[in-house]
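Beneath this line is the structure, given in structure tokens, with notes to follow.
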2 protein chains.
Amino acid sequence: MVGSSSLELITPLSQRFFLSSPLTPFKSLAFPSKKRPLFSAPARIRSELSFSVGTHLIPHPAKVDKGGEDAFFVSGYNGGVLAVADGVSGWAEKNVDPALFSQELMANASGLVTDEEVDYNPQILLRKAHAATSSMGSATVIIAMLEKNGTLKIASVGDCGLRVLRNGQVIFSTQPQEHYFDCPYQLSSEIIGQTYRDAMVCSLELIEGDTIVMGSDGLFDNVFDQEIVSIIYRIDDVTPAAKALADLASSHSTDTDFDSPYIIEARSRGFDVPLWKKILGKKLTGGKPDDITVIVGRVVSLPNDSRA
Amino acid sequence: MVGSSSLELITPLSQRFFLSSPLTPFKSLAFPSKKRPLFSAPARIRSELSFSVGTHLIPHPAKVDKGGEDAFFVSGYNGGVLAVADGVSGWAEKNVDPALFSQELMANASGLVTDEEVDYNPQILLRKAHAATSSMGSATVIIAMLEKNGTLKIASVGDCGLRVLRNGQVIFSTQPQEHYFDCPYQLSSEIIGQTYRDAMVCSLELIEGDTIVMGSDGLFDNVFDQEIVSIIYRIDDVTPAAKALADLASSHSTDTDFDSPYIIEARSRGFDVPLWKKILGKKLTGGKPDDITVIVGRVVSLPNDSRA
């Protein structure tokens, strides 16, 4: 995999580097310590923040006609509300269209973002949107709400995901919730599903220039975080960035030789090709064909004269 | 790697399971949907939460005499405060003891947890503890503060880490921040380092029974999340659990054949063994000898009659 041009580890593995050139002249460390003026920086006038958003959805190759079973919405309310729901495909075996639940859930959530009782809490939004949804089915779902002061609040049930990118790296990542491999936590029309109480809920402070990448598992099962970072920093505009991420996920998803995040996880759980294929030297590889939803939100500061 | 006893993928990879037996009888889905009584559940009387904490530190094999360069503290203030700092070893080349900065930083932070200005905000605690530290050196650092209502607030600079475990899985994970491979973000005595402003800051809601596992990179570079989950659910008591995690990290760290998280990351960044070893069929493997600090905190509810 790594060619002859690869780097060699020339320092002992246990040796950690400290910050040196080009970010700082190494020799400066030989001078007496000068404490940074921690508190003398001019007070920063905090702008109001919001998202600049691009989205892209590519349905599962076998579900192109009906548009797939993912659903999402983007709202400009407050600093911005982003949400993705992924209908659980197993319902098709029961002659239930898996798209209905996710679509209705997103429609309900979208209509409730300004609800007083929701009060800008994504977990309460999940509760109320779920309660209002009458379709049969189930879905994984993630909702992220940005307040204008930069606080991003997240509630997630299942394996939709969110990454926050800052300074060329992923500084925050959600973790999928599942009952067992490929059976995620899910809001359901049935009593056996999860509720808003099972949501992973967290919040973090965003700053201008941060980028969030949200999506269904069709994105994160097929694209590595490092590829997401690479695309986000190569493509400045959010809409082409969302399309490029969805295109890459789609391309990997149907590549039977690709060592995808999904298949690496499957192998680590003990899944494998049948014995006769193993004897032929084959291993489990490939992407995961799926609906792919990508939302890219860049944090921008609002020109705002009316700020309190 | 996977023996003949491994599972085989008997369903198409693109097929997601929905929740079925043993968690629920699959056939129940054939009956008419019964909406769960979302709001009729009895109001839960919320107890005050705090941590039951176990810790364990194993110094780098070459630094046993002086105790290594990690430092940590645990405070019972409010719901509990946990902190780890990892002195950056590169300072030894400048004849500076890398342990001094991390130790002083932790001592200062520990003394400031009740500070009015800190007001239970770990980022402000970082700011004030850093400003009060006069030793030369630098350190990565993570602070987690639990409020009695269950809100866990985290501030982290660099590659110390934290995992939250619930229902047998990692539901939350911090991401390391770095300038380049093995050069983490760090609070420093020098002006070229990072400040509290560079911290990854987030908060999430914990519930009784959750477990948090915090540590220096000596833990997370040598132990996979799945191994952490396995130990936490096998060993009920927090102190032996922390020791077991540190022992496993220590054992992996000196195992030159182990495919550690650290070495997998190194290979993915293009590091490799020298060409002559490659020709002999060798690949880069091994753990990462390092100071290893582990803090395990289990969320328990306090018997409390004086609650407002």
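Contact map, the stretch A:102-121: residues that are in a loop (DSSP other than H, G, I, E, B) paired with residues that are open to solvent by 60 Å² or more (accessible area, probe 1.4 Å), Cβ distance under 9 Å, separation 6+ or inter-chain. Pairs shown: A:113/A:77; A:114/A:77; A:120/A:77. Of the residues making up the stretch A:197-217, at least one is in contact with a Leu (Cβ under 6 Å, 6 or more places away or on another chain), outside any helix (DSSP H, G or I), touching a residue at least 60 places away in the same chain (Cβ under 8 Å) and hydroxyl-bearing (Ser, Thr, Tyr). Here the stretch A:70-89 is the region considered, the condition is being within 14 Å of chain B (Cβ to nearest Cβ) and part of a strand (DSSP E or B), and the residue that is nearest to residue A:108 (Cα to Cα) is A:85.
Checked against (1) modelled with pLDDT under 95; (2) open to solvent by 10 Å² or more (accessible area, probe 1.4 Å), residue B:90 passes all but a single condition, namely (2).
Of all residues in the stretch B:248-267, those being surrounded by fewer than 16 Cβ atoms within 10 Å (Cβ to Cβ) and closer than 22 Å to residue B:55 by Cβ number 2. How many residues are more than 7 Å from chain B (Cβ to nearest Cβ), in contact with a helix residue (DSSP H, G or I) (Cβ under 9 Å, 6 or more places away or on another chain) and either surrounded by fewer than 18 Cβ atoms within 10 Å (Cβ to Cβ) or among the β-branched types (Val, Ile, Thr) (or both) when one looks only at the stretch A:175-203? The qualifying residues number 2. Within the stretch B:261-284, does at least one residue satisfy the condition of being more than 9 Å from chain A (Cβ to nearest Cβ) and of a type in the set (Ser, Thr, Tyr)? No. Residues that are open to solvent by less than 50 Å² (accessible area, probe 1.4 Å) and out of contact with any His (no Cβ under 7 Å at 6 or more places or on another chain): does the stretch A:275-282 have at least one? Within the stretch A:275-282, not a single residue is open to solvent by less than 50 Å² (accessible area, probe 1.4 Å) and out of contact with any His (no Cβ under 7 Å at 6 or more places or on another chain).
Counting residues in the stretch B:218-234 that are in a loop (DSSP other than H, G, I, E, B), open to solvent by less than 10 Å² (accessible area, probe 1.4 Å) and either at pLDDT 95 or above or not polar (S, T, N, Q) (or both) gives one or more.
Among the residues of the stretch A:207-217, the one identified as open to solvent by 10 Å² or more (accessible area, probe 1.4 Å) and acidic (Asp, Glu) is A:208. If you filter the stretch A:140-154 down to residues that are buried (at least 24 other Cβ atoms within 10 Å of the Cβ) and facing another protein chain (nearest Cβ under 10 Å), you find that the one that is nearest to residue A:208 (Cα to Cα) is A:152. Taken over the stretch B:258-287, residues that are in a loop (DSSP other than H, G, I, E, B) and in contact (Cβ under 8 Å) with a residue 60 or more places away in the chain amount to 2.
Take the residues of the stretch B:264-306 that are in contact with a helix residue (DSSP H, G or I) (Cβ under 8 Å, 6 or more places away or on another chain) and acidic (Asp, Glu): which is farthest from residue B:212 (Cα to Cα)? Among residues in the stretch B:264-306 that are in contact with a helix residue (DSSP H, G or I) (Cβ under 8 Å, 6 or more places away or on another chain) and acidic (Asp, Glu), the one farthest from residue B:212 (Cα to Cα) is B:272. Quick check on residue B:81: is it more than 14 Å from residue B:130 (Cα to Cα) and at pLDDT below 95? No: the conditions fail for residue B:81. The lone criterion from (1) in a strand (DSSP E or B); (2) more than 23 Å from residue B:128 (Cα to Cα) left unmet by residue B:66 is number (1). Checking the stated criteria, residue B:243 turns out to be modelled with pLDDT of 90 or more, assigned to a helix (DSSP H, G or I) and open to solvent by 40 Å² or more (accessible area, probe 1.4 Å).
With respect to the conditions (1) assigned to a loop (DSSP other than H, G, I, E, B); (2) among the acidic types (Asp, Glu); (3) open to solvent by 20 Å² or more (accessible area, probe 1.4 Å); (4) within 11 Å of chain A (Cβ to nearest Cβ), residue B:290 falls short on a single one, namely (3). Considering only residues that are among the small types (Gly, Ala, Ser) and away from chain B (no Cβ under 12 Å), which ones fall in the stretch A:249-260? A:249, A:250, A:251, listed by residue number.
Every condition in (1) of a type in the set (Val, Ile, Thr); (2) assigned to a loop (DSSP other than H, G, I, E, B); (3) within 7 Å of chain A (Cβ to nearest Cβ) is met by residue B:171 except one, and the failing one is (2).
Of all residues in the stretch A:106-139, those satisfying the criterion of being surrounded by fewer than 24 Cβ atoms within 10 Å (Cβ to Cβ) and closer than 25 Å to residue A:173 by Cβ are A:106, A:113, A:120, A:121, A:123, A:124, A:127.
The values are calculated or read from the model by the stated rules, or taken from the named source; none is laboratory data. Predicted model only: the values in this text are computed from it and were never measured. Reconstructed Cβ throughout: ideal geometry from the backbone, glycine too, with neighbour counts over all protein chains shown. Note: accessible area is taken over every heavy atom of the protein model, side chains too, but ligands, DNA and RNA are not part of it. Shrake-Rupley method; radii C 1.70, N 1.55, O 1.52, S 1.80 Å.
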